[in-house]
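The values are calculated or read from the model by the stated rules, or taken from the named source; none is laboratory data. Given the structure is predicted, the values throughout are model-derived calculations rather than measurements. Glycine gets a Cβ as well: all are built from the backbone with ideal geometry, and neighbour counts include every protein chain shown.
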Amino acid sequence: MTETYLNVRNLNVSYGKTIAIRNVSLQLAKGDRLALIGMSGSGKSTLAMAIAGLLPKQAHIEGTIDFAGRRPKLGSDIGVLFQDASGSLDPVMKVGDQIAEVVMTHLGMSWISARVRAAELLDRVKIPKALSRLNSYPHEFSGGQKQRIALAAALAGNPSILIADEPTSALDTVIQKHIVDLLGELVKDGGLTLLFVTHDIALASQQADQIAVIYQGEVVEAGASGQLLREPRHPYTKALINTHISLDRPRSKRLPQIDMAGLQ
Amino acid sequence: MKTLNLEAKIGAILLVLLVLMALFAPLIAPGDPLAISGEAMLRPFASEAHWLGTDRLGRDVLAGLVHGTRTTLLVAFFSAAAALIVGSIVGTLSGFLGGLADIVLMRITEAFQTVPGFLLALATISVTGPSVPTLILAISLGNWTQAARVTRAEVLSLRERDFVAAARTLGMRPLEIAFREILPNAFGPTASLAAISVATAILIEAALSFLGFGDPNRVTWGSMIAEGRTVLRAAPYLSIVPGIALVVTVLSIHLIGRGLSHTERLQP
Amino acid sequence: MPPLASFFLKRLLTALPVLFIVLVGSFLLLEAASGDAVDAYIARSGTLDAQQIAQLRMEWGLDQGPLYRFEAYVTALAQGDLGWSTAFERPVTSVIAERLPVTLLLMSIATGLAFFLGSLLGIAAGARPGSVRDRLLSTGSLALYAVPGFWLGLVLIVVFAVDLRWLPIGGMESIASGKAGLARMADIAVHLVLPVCALAMVYLALYLRLMRDRMAEIWRDPFVKGLEARGLTRRRIVWRHVARNAVLPVITMLGWQSAAMLGGSVVVESVFSIPGFGRLAAEAVARRDTPLLLGVLLCSAITVIIANLLVDLAYGKLDPRVRIGR
Ligand SMILES: Nc1ncnc2c1ncn2[C@@H]1O[C@H](COP(=O)(O)OP(=O)(O)OP(=O)(O)O)[C@@H](O)[C@H]1O
Ligand SMILES: [Mg+2]
């Protein structure tokens, strides 16, 4: 039994009158891979961003988030990958510099060694000719490549937790698969703790060894992914599985359109 | 209308006061403001009869200030209005007609932008001679280009919209569509340029009359500043007081403009 | 073709029609005023008999049609001949060549100051939109933006030249000081302090606001959240990312601002008795010297076109998303 690494207790988040997260508690051990699934608007992103500490100002947060006895630090404890990759890269700065500045900030390296490290990271996320692409700008890369670069930047401060909020849903299916495989590989190799937000139950079972199902801001069911898929207890989980969402289907058909009235 | 913020309210109050001052100038300060009314070079607050003192020739500063409001507001509002109207018409035509007409009109707009507005006004005045109508013409000549550009951009985005297509199927003629359907809709963003245009016009008018190219038969703040300049060492207030009036007027317009503009972007 | 050359060619092709329109406009002004010019000339040079007047009218092409005069005007222009200044009794070209450098110097210092200080203060305001500091700076810039340059010049003269006696009251340099080299440059610098301030303040306010508003927009761009997520310091996000992104569109304003500043230099140079290009415009009007006035108009149009060209060139270098010549 590994010790608890990231401990979220009684978390409540509200935006004015909208309550987005109700009394959620989560424990993650080092190396755990947890997928948050649920339908649109259920509060997955809010939960993930609350843990990262990236909620907008108007969000009201209660509860504790504890990482090895303190609040986790962005960049060096937690890396974050967003849905829209171009939305996390500065359009007018060379990608090499964007990665290197994270390295400098968190690892205290000199500029030169930070650039070398940036090249290594670009190579690890499988950008071809990494060294020469350090001086390229975000608009000179494809969407999938931009997401890889965003991943490299997220990992540049050597965080031990990676939070990925639907990192592939803006990409088309083939590229989705590449990114998902890369993510899995990096997480495994680096022994990272992964918090993966998705709509896609197949993707969740493939990427994560634990799944938490969120419905209207509450974790209604959580457990090992195999177990949870085989014996879902909550009607919402059953409904999710029944829609047979899989990576092979076109994205438009995968969004769970579930009639919740029958489940109450 | 949406509620105004504090800044815009202050601006609006100031502007209303200025307009009242302009309207009731003959009551506040009766008589010809250019006439000599007392001892020369009285300091402000030194005499009951001349609150703000008198100038080099013994003309009342307060009277000049009050009557100057008239010239300033008259010239500024009419030239800004003319500039906006001409600009929106050119912009609408350019955006709606497209093709060669668009190219020609935009080149003309660019040519007007390329010549500094103040120099254009100066040159026009040198041909027409200074009077209120020619000042209005001269100032609006260099002031319409931005309205044309903004309207054109707006029209280009509007002409693709549904109601224009609807008007087309109803069999309206292109120009009819342009002016009956598109122009009124494009006017919103153009109107937020109004504040900038009015402010620019005030400043150009002031600068022209400061240089002595204003209407010689009227008091203007610019000419008062120029008058005072000749005795700048002895009586700096003669230049400073009308300048403060100018700053307050322009500021009130900027405050209103910023309060009204939704994006706060057009208004620097 | 190398990208830079094709860029210049393309710009030249769009600038030519614009210049041509300015030319036609100038010519129309000349036509509207030319009668006056001869009269003014006659008035100044005193007694001219009828034959001399006729001679003069023929020389100026007044006995021919307007098209003939336009052709003559353009032909002369193409040879760099802007006509004869009646006020200075010299070719317009030589008068302008003498005056333009002064104004360009004044304008470039004022632009540099306004852009540098204005952007810095704009960053200070835009670093935290809505903060007390932002509100103070924004309101201050709005007030400053309402101050006419010529009046500010007078106020500066009253305070710094008349009362405090720190700086000279006007002129470009001390008269007959016999200074040379560095001492002369220092003398000119001292003389330019107040005019530069009077000319620059409005634009300082303008750049402050532009920079601040752009930064407020950039903060809402999603990529800023990405930067925060990487744990970069706020200082770094403000200076290296938000300000860097915001300054690019502000730079594009520099070109058109040169037109407004040329206009502003007319009054500021008059206030400070600086023998520059701006004051030349006022003198041309006051002395009814139309050829000179048109020369001034044309040269300022060319100055503005060149300024815009330089700005676009710089912008192409600074914004990686724009590649010149492509
Ligand atoms: N900035 C905000 N202001 C107000 N309400 C918000 C804000 N962000 C999210 N919400 C609300 O909080 C709830 C949860 O939103 P959240 O973005 O966490 O959902 P999600 O599960 O990530 O959905 P999706 O799958 O569509 O990304 C929703 O009801 C949403 O409307
Ligand atoms: Mg989400």
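Residues that are assigned to a helix (DSSP H, G or I) and more than 12 Å from chain A (Cβ to nearest Cβ) do not occur anywhere in the range C:218-232.
The residue list C:Leu292, C:Leu280, C:Leu313 contains one member that is more than 10 Å from every other protein chain (Cβ to nearest Cβ) and surrounded by fewer than 20 Cβ atoms within 10 Å (Cβ to Cβ), which is C:Leu313.
For the range C:303-314, check the following and say yes or no: at least one residue is at pLDDT 90 or above and within 30 Å of C:Ile175 (Cβ to Cβ). Yes: the range C:303-314 contains one or more residues that are at pLDDT 90 or above and within 30 Å of C:Ile175 (Cβ to Cβ).
Mind checking whether some residue in the range B:219-235 is at pLDDT below 85 and under 30 Å from B:Arg168 (Cβ atoms)? Looking for residues that are at pLDDT below 85 and under 30 Å from B:Arg168 (Cβ atoms), one finds none in the range B:219-235, hence no. Where strands (runs of 3 or more DSSP E) fall entirely within the range A:1-87, those with at least 1 residues that are hydroxyl-bearing (Ser, Thr, Tyr) and within 12 Å of ligand 1 (Cβ to nearest atom) are at A:4-15, A:18-29.
Residues of the range A:151-171 that are within 16 Å of ligand 2 (Cβ to nearest atom) and within 9 Å of chain C (Cβ to nearest Cβ): A:Ile163 alone. Looking only at residues in the range B:219-247 that are at the interface with another protein chain (Cβ under 9 Å from one of its Cβ atoms) and assigned to a loop (DSSP other than H, G, I, E, B), the one that is farthest from B:Leu14 (Cα to Cα) is B:Arg233.
When the range A:144-196 is limited to residues that are touching an Asp or Glu at 6+ places or on another chain (Cβ under 8 Å) and closer than 20 Å to A:Gly226 by Cβ, the one that is nearest to ligand 1 (Cβ to nearest atom) turns out to be A:Leu194. Counting the residues of the range C:169-200 that are within 14 Å of another protein chain (Cβ to nearest Cβ) and in contact with a helix residue (DSSP H, G or I) (Cβ under 6 Å, 6 or more places away or on another chain) gives 4.
Residue check: is B:Ala194 touching a residue at least 12 places away in the same chain (Cβ under 8 Å), away from chain C (no Cβ under 14 Å) and under 26 Å from B:Lys9 (Cα atoms)? In short, yes. For the range A:71-96, the candidate set comprises residues that are without any contact (Cβ under 8 Å) to a residue 24 or more places away in the chain and either within 16 Å of ligand 2 (Cβ to nearest atom) or within 9 Å of chain C (Cβ to nearest Cβ) (or both); within that set, the residue that is nearest to A:Ile149 (Cα to Cα) is A:Gly87.
Check the range A:211-221 and report whether any residue there is over 23 Å from A:Ala20 (Cβ atoms) and either of a type in the set (A, V, I, L, M) or within 16 Å of ligand 1 (Cβ to nearest atom) (or both). Checking the range A:211-221: not a single residue is over 23 Å from A:Ala20 (Cβ atoms) and either of a type in the set (A, V, I, L, M) or within 16 Å of ligand 1 (Cβ to nearest atom) (or both). Of all residues in the range A:20-57, those satisfying the criterion of being within 16 Å of ligand 2 (Cβ to nearest atom) and exposed (fewer than 15 other Cβ atoms within 10 Å of the Cβ) are A:Ser40, A:Gly41, A:Pro56.
The set of residues from the range B:199-218 being within 10 Å of the chain's Cα centre (by Cα) and away from chain C (no Cβ under 12 Å) comprises just one member, B:Ala201. So if I check each of B:Ala101, B:Ala147, B:Ala83, which one is of a type outside the set (S, T, N, Q) and surrounded by fewer than 20 Cβ atoms within 10 Å (Cβ to Cβ)? Answer to the check: B:Ala101.
If you go through the range B:112-125 and keep only what is in a helix (DSSP H, G or I) and either buried (at least 24 other Cβ atoms within 10 Å of the Cβ) or free of Cβ contacts under 8 Å to residues at least 60 places away in the same chain (or both), you end up with B:Phe112, B:Gln113, B:Thr114, B:Gly117, B:Phe118, B:Leu119, B:Leu120, B:Ala121, B:Leu122, B:Ala123, B:Thr124.
Exactly one residue out of A:Gly75, A:Gly31, A:Gly96, A:Gly41 is at positive phi, out of contact with any Gly (no Cβ under 7 Å at 6 or more places or on another chain) and not charged (D, E, K, R): that is A:Gly41. For the range C:165-194, residues that are under 22 Å from the mean Cα position of the chain (by Cα) and part of a loop (DSSP other than H, G, I, E, B) total 4.
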